[in-house]
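Asker: Can you read through this structure? Questions will come right after.
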């Protein structure tokens, strides 16, 4: 079944139909139309899988995808053009250019936490670049996976875009196939498996992973605003976000004020402490893991759990040991460890002692502090005086570094990710410069030095 899908897509790609600009534009329009036609089904599926509200679903899933499609359709014609490059002295009087071409048959493996966004956003890049694609949504979000399959089947024939559902068995079968490009979003552990499988066929990959994304708050920041924006980044999707603030480094003298303001922010988010519309934890396995992390420190806010609906209240926890599990693994939930500091170097040392994070956030009005952090710490992307919103701009590439991933996408970068650029020299046939040809004399060496030095 999977082998047949890949073979049919390769045959279709070889017809050259996906290379046409109009074909790509129509495909993007069909995807947009199918998403809008199934908007209510998306709401229902995400409510079933994650208890996600309509507003959060549109804000973090549907709206981002539609904006990405709109951006690609606006700029695609220009992106597809050959890029003229200035020739070097030794190439004159030739002309140099870069010519974009699609890789071919691509595989997109999406996670469960933002199943619509993180499946369709890379797909938009694959379509724009002229590829075919096999989509593998996560088995952890079965209702949404079914809607994804329905949307794709309504919009495209499987020889062009196909969906493969299932779990680990299907993942393994897909990775046994030869693809021309693999785009994976998920954990570093599974990312290593994907990369190892891709290496068997020398298949290029993009890995969008995660990690422990720090947030730093100093005494110069607006503590109330910082608490509200950090709480937003932490409770959105119940913290099940690859760029969610994972731990807080806060200047000691403003720690108590921050805790007070964080509590106020949560009260404003959830009037009368009604958290019934907050996203729940995706599975029993993840819920039990998160519940276990609550014992890694002293709970200073929140901490209540509801086993029946896999709910964990937004929680602040301090007195955490840097060697404890909560500081050794990505939390991926609404729990935020609080670590007080007195000297900025303490923050930098903690961040640098851990694998490079996908995101870093700093709340400060001190330019020297911000510059020192950015000079000292490596991370995928981030915000100054905000959290998570850096990924919502199609003009701003998004991706990790080191343990948090390789490669990036969004907007033009998505097109480039799924594109191979051929470098071409078109040389003049009107005349020939003999300098490059043997015999190589001292006079030629002297002349070459004058030209190229």
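The values are calculated or read from the model by the stated rules, or taken from the named source; none is laboratory data. Computed from a predicted structure; not experimentally measured. Backbone-built Cβ (ideal geometry, glycine too); neighbour counts: all protein chains shown.
Asker: So residue 203 clears everything in (1) touching a strand residue (DSSP E or B) at 6+ places or on another chain (Cβ under 7 Å); (2) farther than 29 Å from residue 277 by Cβ; (3) in contact (Cβ under 8 Å) with a residue 60 or more places away in the chain except one condition, right? Which one?
Answerer: Only one criterion in (1) touching a strand residue (DSSP E or B) at 6+ places or on another chain (Cβ under 7 Å); (2) farther than 29 Å from residue 277 by Cβ; (3) in contact (Cβ under 8 Å) with a residue 60 or more places away in the chain is unmet by residue 203, namely (3).
Asker: Of all residues in the stretch 414-430, which are surrounded by fewer than 18 Cβ atoms within 10 Å (Cβ to Cβ) and either outside any strand (DSSP E or B) or without any contact (Cβ under 8 Å) to a residue 24 or more places away in the chain (or both)?
Answerer: Selection gives 427, 428, 429, 430.
Asker: Quick one: count up the residues across the stretch 88-101 that are surrounded by 14 or more Cβ atoms within 10 Å (Cβ to Cβ) and either assigned to a helix (DSSP H, G or I) or modelled with pLDDT under 95 (or both).
Answerer: 1
Asker: Considering 351, 331, 339, which residue is closer than 25 Å to residue 384 by Cα, modelled with pLDDT of 95 or more and assigned to a strand (DSSP E or B)?
Answerer: Every option except 339 fails the conditions.
Asker: Any residue that is farther than 19 Å from residue 120 by Cβ, surrounded by 14 or more Cβ atoms within 10 Å (Cβ to Cβ) and free of Cβ contacts under 8 Å to residues at least 60 places away in the same chain - is there at least one of those in the stretch 58-71?
Answerer: no
Asker: Given the structure, is residue 106 farther than 30 Å from residue 233 by Cβ, touching a residue at least 12 places away in the same chain (Cβ under 8 Å) and outside any loop (DSSP other than H, G, I, E, B)?
Answerer: It is true that residue 106 is farther than 30 Å from residue 233 by Cβ, touching a residue at least 12 places away in the same chain (Cβ under 8 Å) and outside any loop (DSSP other than H, G, I, E, B).
Asker: Examine the stretch 159-172 for a residue that is touching a helix residue (DSSP H, G or I) at 6+ places or on another chain (Cβ under 9 Å) and more than 28 Å from residue 39 (Cα to Cα), and state whether such a residue exists.
Answerer: yes
Asker: All but one of (1) touching a helix residue (DSSP H, G or I) at 6+ places or on another chain (Cβ under 7 Å); (2) surrounded by fewer than 18 Cβ atoms within 10 Å (Cβ to Cβ) hold for residue 344; which doesn't?
Answerer: It is condition (2) that residue 344 fails.
Asker: Any residue that is in the same structural domain as residue 231 (by TED's automatic domain parsing), outside any strand (DSSP E or B) and more than 23 Å from residue 63 (Cα to Cα) - is there at least one of those in the stretch 383-392?
Answerer: yes
Asker: Could you check how many residues of the stretch 356-371 are buried (at least 16 other Cβ atoms within 10 Å of the Cβ) and touching a residue at least 40 places away in the same chain (Cβ under 8 Å)?
Answerer: Of the residues in that region, 10 qualify.
Asker: When the stretch 137-155 is examined, which residues are found to be free of Cβ contacts under 8 Å to residues at least 60 places away in the same chain and under 17 Å from residue 282 (Cβ atoms)?
Answerer: 137, 138, 139, 145, 148
Asker: Follow-up question, since we're still on this one. What number of residues within the stretch 395-405 satisfy the criterion of being surrounded by fewer than 24 Cβ atoms within 10 Å (Cβ to Cβ), assigned to a loop (DSSP other than H, G, I, E, B) and out of contact with any strand residue (DSSP E or B) (no Cβ under 6 Å at 6 or more places or on another chain)?
Answerer: Matching residues across the stretch 395-405 total 3.
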